[in-house]
Amino acid sequence: MRIISGAARGCRLQAPAGEQVRPTPGRIREALFSSLMEVISGAAVLDLYAGTGSLGLECLSRGADRVVLVEADREVQRFLRKNADEVLRRMKLAPGYVELWPMRVDKALEQAQLRRRRFDLILADPPYAQLEAGVPAARWLVEDVGRRGLLRPGGWLAVEHAETVEQPDEVYGLRKWRSKQFGRSVLTMFFTPREDEGEA
């Protein structure tokens, strides 16, 4: 086992040894949270490919109202549950503030739509080499989130992906805000316009 430092109220998040988890680099993490500072407070957050839960649990420590963590790997789930329990204990919050969905991301998005769950913020860091429906998972994910209408008006989707992945400027109502490159990784952020913004 190795320990990953996390900003979730000073917790040190646990993760299994090996390659199951690829932590989000510090520069990307800093860019992500500085951009979303005003969005997180009171937000319903969906953290896809959650790994140790560092991004979703940090959102909770920054004032998010609810966090859903999606992770398919059974070994990683054990550590994820421990990390969530520790953060909740330190913050003196009830267990209901965090949900763990132990399933693949495609099934989680389907379930979210069936349950009529919508989110203010969706975070995703899929494995760079993973394909879904024959395309890179990071590209597929953007289209599927948009097609299923999982973001509330004014909501945000942040996706970390390889520099070789081309993201659309607009798809199913999601609009690209910006892409920022960090070495061979890119953080691309999308938003859904608020209802009063119309087509402006």
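A short reminder: the numbers here are calculations on the coordinates, not readings from a lab. Since the model is a prediction, treat every value here as computed from it, not as a measurement. Reconstructed Cβ throughout: ideal geometry from the backbone, glycine too, with neighbour counts over all protein chains shown.
For the reader, a short list of remarks on this structure follows.
- Packing-based ranking, highest mean first, of 132-143, 69-80 given that Cβ atoms within 10 Å are counted: 69-80, 132-143
- The range 29-181, relative contact order in percent, only Cα pairs under 8 angstrom and at least six apart counted: 21
- Per-residue Cβ neighbour rank within 10 angstrom, fewest leading, D106, D125, D169: D169, D106, D125
- Adding -39500 (n - 2.57) for every DSSP H run of four residues or longer, then dividing by how many residues the chain holds, sets the calculated 222 nm ellipticity at -9000 deg cm²/dmol.
- Global size of the range 130-200: 12.3, 37 Å for Rg and Dmax (C-alpha atoms, Rg to one decimal, Dmax whole).
- Using only Cα coordinates, the Kirkwood hydrodynamic radius of the chain works out to 16.8 Å.
- Spin-label pair E38/S179, simplified geometry with 7 Å Cα→Cβ offset, distance in nm: 2.6
- Net charge of the neighbourhood of L80, taken over other residues with C-beta under 12 Å away and scored Lys/Arg +1, Asp/Glu -1, is -3.
- For E99, the residues whose amide H sits under 5 Å from its own are V67, V68, L69, ignoring neighbours fewer than 5 places away on the same chain, with H placed 1.01 Å from N.
- Report note on the peptides 180-186, 156-162, 31-37: ranked by the mean count of other C-beta atoms within 10 Å, highest first, their order is 156-162, 31-37, 180-186.
- Share antiparallel - DSSP beta bridges, the chain, percent rounded to 5: 55
- Helix axis angle, 105-114 relative to the chain longest principal axis, alpha carbon, degrees: 70
- For the range 26-33, 3J(HN,Hα) per residue [Karplus equation, 6.51 cos²θ - 1.76 cosθ + 1.60, θ = phi - 60°, Hz, x = Gly/Pro]: x, 5, 5, 4, 5, 5, 4, 6
- Each Cα pair under 8 Å and six or more residues apart adds its separation to the average, and for the range 69-156 the resulting relative contact order is 29 percent.
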